[in-house]
1. In whole Å, largest first, what are the principal axis extents of the Cα atoms in region 108-212?
2. Note down the Stokes-Einstein diffusion coefficient of the chain in µm²/s, whole number, using a Kirkwood radius over alpha carbon pairs, 25 °C, and 0.890 mPa s.
3. Order the peptides 96-104, 181-189 from the highest to the lowest mean number of other Cβ atoms within 10 Å of their residues.
4. Over what distance in Å are the Cα centres of region 1-36 and region 201-219 separated?
5. DSSP loop (so not H, G, I, E, B), at most 13 other Cβ within 10 Å: list which GluC sites (Glu not before Pro) in region 11-56 pass both filters.
6. Gaussian network model of the chain, Cα springs within a sub-10 Å range: biggest mean-square fluctuation belongs to which of Asp296, Asp130, Asp275?
7. Residues with amide H under 5 Å of Met184's amide H, sequence separation 5 or more or different chain, H placed in the peptide plane at 1.01 Å from N; which?
8. Considering only protein heavy atoms, what per residue accessible area in square angstrom results for region 16-134 with a 1.4 angstrom probe?
Amino acid sequence: MIIEDRPREYLERRVRAGLLEQNTVDLLRQLDVGERLDREGLVHDGIYLRREGRTQHIEIAKLTGRHVTIYGQQEVVKDLIAARLQRGGELHFEVSDVSVHDVESERPRISYSAGGSEHELECDFIAGCDGFHGICRPSIPSNLRTEYEYTYPFGWLGILAEAAPATDELIYAWHEHGFALYTMRSSKISRLYLQVPVDEELERWSDERIWAELQVRLASEGWRVNEGPILEKGITPMRTFVCEPMRHGRLFLAGDAAHIVPPTGAKGLNLAVNDVRLLAAAFAAWYRNGSAAGLDRYSDTALRRVWRAQDFSNYMTQLLHDLGGGAYESRLQLARLEYLSLSEAAATSLAENYAGLPARDDF
Ligand code: DHB
C-alpha cells in the first residue's frame, strides 16, 4: 500500500530531472511500464563537453555499449501511478500527519490522516520513500545512524523553455562565469541550467539575462542556443548527503530519504530506482520463501552504488563548476577536460559511470 502526501496532479506536473540510465530503462521495460518511454523517450549515444568554444563528444554507446534516455521524471511518475492503479494496487494521495511506530518490532505501524479521519496501518515492513525532508529517516534514533553531508556554495538556476533544442545531445559546459547545461525534454522543449551563487534570488534573473548568460557560457562559433518563451524557472541547491545504514528494524529507506547527490550527471532518480529494485527483490524473496537474506543485505548493497554515484556526481560537479578556487583550480579543470579528449581510458571511465554500471544482485 502506498501513501503519498501530495495531490496526484502535483506529482504529475512537477518538473524534475529527466535523464534515465540504461538500468532504469531496462527495469521499467521489465515491469511493463516502458511502452510510452519507448515511444517518447529520446535515446542518446553520448554527451558533449564544451569549454572555451571547443566541444568534445563522449561516445558513451561506442565506449560502453549502453545508452541514456531523456524522459522527464514526472512522465515516469505518471506511468507508475497509472500502472499501479490499473493493476488494482492501493495508492492514497493527500494523506497528512504521517508517523511511523514500533519499527524495531515485527508489527510496525503507520498512522496518518486522510479524508478527515485518522488511520492506522499495521505492516510487515515500511519502505521510507519520503524524500530528504521526510519523516522516516529522523525516526531512526540518531545514535544508530551516521550522516555524511556537504553543501556546495552554489546552486542551479533551471529553466524549461518552449524552444527546439539546438543540439541533438546534452552539452555540459565549463566557463569562467560558471557551469551551464543544455538539455531537453522533447524536440520542442529545451531545459537549461546555469550555475548561480547559493543564496541567489530568482528575481535578479530576468528572461533576457538568463538567455544572454546561456549564450555566453554555451557559446560555440557559428552556433546559438535556441531561445523561446520560458515556461518555468527555479533554483536548486547543490547538496550531497548519505545516511548509513539505510535500514532500522523493519523500516527501509530508499531514494532521497537516504541520500542526495548534486545534480551534475543526473544520478538522483536513477539511484532511487536502484534502491527500489534491490528492495523489491528482497521483499519478493521474503514472501516467496521466507528468506531474510536480501533484506539483511539491502543497506550494504544499496550503499555500494550510492557511494559510486556520490563519487561520480561530485567528480562531474568539481570538473565543471566554478568552485571558488581561482586561476589554479581553473587550469586543473581544463587539464582534466583535456585528458578526457586525449585518453580513451579516461573517456570510458566517465562514460561507464554516466550510463551507469550494469545492475547486479549485489550492486
Ligand atoms: C538533466 C539534469 C541533469 O542534472 C543532468 O546532469 C542531465 C540532464 C535534465 O534535467 O535533463
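1. That gives 54, 34, 29 Å along the principal axes, largest extent first.
2. So the translational diffusion coefficient is about 113 µm²/s.
3. 181-189, 96-104
4. 30 Å
5. Hits after loop and neighbour filter: Glu52.
6. Among Asp296, Asp130, Asp275, the largest GNM mean-square fluctuation belongs to Asp296.
7. Placed amide hydrogens put Arg191 under 5 Å from Met184.
8. That works out to 52 Å² for each residue.
The values are calculated or read from the model by the stated rules, or taken from the named source; none is laboratory data. Because the structure is predicted, anything quoted here is derived from the model rather than measured. Every residue, glycine as well, gets a Cβ built from its backbone with ideal geometry; the counts of neighbours run over all protein chains shown. Areas reflect the complete protein model, heavy atoms only, side chains present, ligands, DNA and RNA absent. Shrake-Rupley method; radii C 1.70, N 1.55, O 1.52, S 1.80 Å.
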